[in-house]
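For reference, the structure is listed below as structure tokens.
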Amino acid sequence: MLADHHHRVAVIAGDGIGPEVLAEALKVVRASGVALDTVDYDLGGARYLRTGETLPDSVLDELGQVDAILLGAVGAPDVPPGVLERGLLLRLRFALDLYVNLRPFEGGRLDCAVVRENTEGSYAGEGGALRRGTPHEVATQGSVNTRMGVERCLRFAFELAQSRVRRHLTLVHKTNVLTFAGDLWQRTFDELAPQFPDVAAAYNHIDAACIYLVESPERYDVVVTDNLFGDILTDLAGALSGGIGLAASANLNPARTGPSLFEPVHGSAPDIVGTGRANPLAAIRSAAMMLDFLGEADAAARITKAVAETAPLSVPGAGTVITTTQLGDAVAERL
């Protein structure tokens, strides 16, 4: 069934395999019947190397006016570390207030969602260097945690847990060592919990959570954690639930004061560009998350189901060699 209205979506294909996987994601969205008006933006390593720009103010202003942003991957070997991460990805998160990073995992014994605070913590940029390049160099990297930022992330996680069948939420931190930031997270968590009496609440240290995620992943339903811990924990969860080629994510502005951004977790993988080996399923799942956030729940559910049915074809040694385009076609055909 065709959608009643069009959604205006900014498409940042980016670098490496980004254009390849996004082409398949958009193919699948079209097959679902949802109408998108897409606007392409040339952002990423290639633009930086060509012009020295990461995210011009004029482009940021334009991106703030769309309904959603779909991103493939950014990164090029010739771009110094941190340039694109801070100048493009983190700037988008901060400027658009994408304060929730949501990553769902279904595969193997894992069926959970991780809610990662996305605009504070160690990635906020507090820190500096003194006497750089000398034997007496000093480097500091702070972690910024505000009551507002922590509370709105936790509230989103409680509400998400409340909407799921198991209704269980685990806070993951390191309160026994990070006694200031951890205390803020734990106290806020404990204060919010009575507002959600139907959600069972638990706490794990981050090191214990890494063990439990491997040994007894069934214990997790919704996990909420800070920016750095969430970044690491979700890569482990991706590896345990079918590989990074299936890992989707949403950078959400739940208040909807601007667009949200959806992207596969994987990088630009320049070593396999053009070989047909890039797995587009994470990008397709990210597009499904975008549709769900835009109110196209039926199409999102159908795409997610089609991805789950297609996923076994992407496993090495499954019996046949299937290319990026063929995987996209297989998902689209199931719609």
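Summary table below
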read-out: Any helices (runs of 4 or more DSSP H) falling wholly within the stretch 1-63 and containing at least 1 residues that are within 25 Å of residue 326 (Cβ to Cβ); value: 18-32
read-out: Count - residues of the stretch 114-141 that are surrounded by fewer than 20 Cβ atoms within 10 Å (Cβ to Cβ) and either touching a residue at least 24 places away in the same chain (Cβ under 8 Å) or of a type in the set (A, V, I, L, M, F, W, C) (or both); value: 7
read-out: Hits in the stretch 73-83 (condition: in contact (Cβ under 8 Å) with a residue 24 or more places away in the chain and out of contact with any Asp or Glu (no Cβ under 7 Å at 6 or more places or on another chain)); value: 77, 78, 79, 83
read-out: Some residue of the stretch 225-234 being assigned to a strand (DSSP E or B), outside the structural domain of residue 45 (by TED's automatic domain parsing) and within 17 Å of the chain's Cα centre (by Cα); value: yes
read-out: Filtered residues of the stretch 127-152 (kept if part of a loop (DSSP other than H, G, I, E, B) and farther than 13 Å from residue 99 by Cβ); value: 131, 132, 133, 134, 135, 136, 137, 142, 143
read-out: Verdict on residue 271 being in the same structural domain as residue 142 (by TED's automatic domain parsing) and either more than 30 Å from residue 32 (Cα to Cα) or of a type in the set (Asp, Glu) (or both); value: no
read-out: Residue match in the stretch 77-87 (condition: under 21 Å from residue 252 (Cα atoms), in contact with a strand residue (DSSP E or B) (Cβ under 8 Å, 6 or more places away or on another chain) and not in a strand (DSSP E or B)); value: no
read-out: One residue from 278, 255, 237 being closer than 21 Å to residue 153 by Cα, among the aliphatic types (A, V, I, L, M), touching a residue at least 24 places away in the same chain (Cβ under 8 Å) and not in a helix (DSSP H, G or I); value: 255
read-out: Which numbered condition residue 102 fails, given (1) crowded, with 18+ Cβ neighbours inside 10 Å; (2) in contact with a helix residue (DSSP H, G or I) (Cβ under 7 Å, 6 or more places away or on another chain); (3) not basic (Lys, Arg); value: (2)
read-out: Leading residue by the ranking (surrounded by the most Cβ atoms within 10 Å (Cβ to Cβ)) among those in the stretch 88-99 that are of a type in the set (A, V, I, L, M) and assigned to a loop (DSSP other than H, G, I, E, B); value: 98
read-out: Residues within the stretch 63-78 that are more than 23 Å from residue 247 (Cβ to Cβ) and either touching a helix residue (DSSP H, G or I) at 6+ places or on another chain (Cβ under 6 Å) or loosely packed, with under 13 Cβ neighbours inside 10 Å (or both), tallied; value: 2
read-out: Pairs where the first residue, in the stretch 152-169, is of a type in the set (S, T, N, Q) and the second is surrounded by 21 or more Cβ atoms within 10 Å (Cβ to Cβ) and not in a helix (DSSP H, G or I), C-beta under 9 Å, 6+ apart; value: 162/169; 162/199
read-out: Breaking point among (1) touching a Ser or Thr at 6+ places or on another chain (Cβ under 7 Å); (2) not assigned by TED's automatic domain parsing to the domain that holds residue 38; (3) not charged (D, E, K, R), for residue 217; value: (1)
read-out: Matching option when the condition is part of a loop (DSSP other than H, G, I, E, B), among the acidic types (Asp, Glu) and either free of Cβ contacts under 8 Å to residues at least 40 places away in the same chain or surrounded by fewer than 16 Cβ atoms within 10 Å (Cβ to Cβ) (or both), among 190, 198; value: 198
read-out: Subset of the stretch 64-76 [closer than 24 Å to residue 272 by Cβ, part of a strand (DSSP E or B) and aliphatic (A, V, I, L, M)]; value: 70, 71, 73
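Residue by residue, here is whether (1) under 19 Å from residue 117 (Cβ atoms); (2) in a loop (DSSP other than H, G, I, E, B); (3) touching a helix residue (DSSP H, G or I) at 6+ places or on another chain (Cβ under 8 Å); (4) of a type outside the set (Asp, Glu) holds:
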site: 175; (1), (2), (3), (4): yes, yes, yes, yes
site: 183; (1), (2), (3), (4): yes, no, no, no
site: 210; (1), (2), (3), (4): yes, no, yes, yes
site: 218; (1), (2), (3), (4): no, no, no, no
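The values are calculated or read from the model by the stated rules, or taken from the named source; none is laboratory data. This is a predicted model, so every value here is computed, not measured. Glycine also receives a Cβ, built like all others from the backbone with ideal geometry; neighbour counts cover every protein chain displayed.
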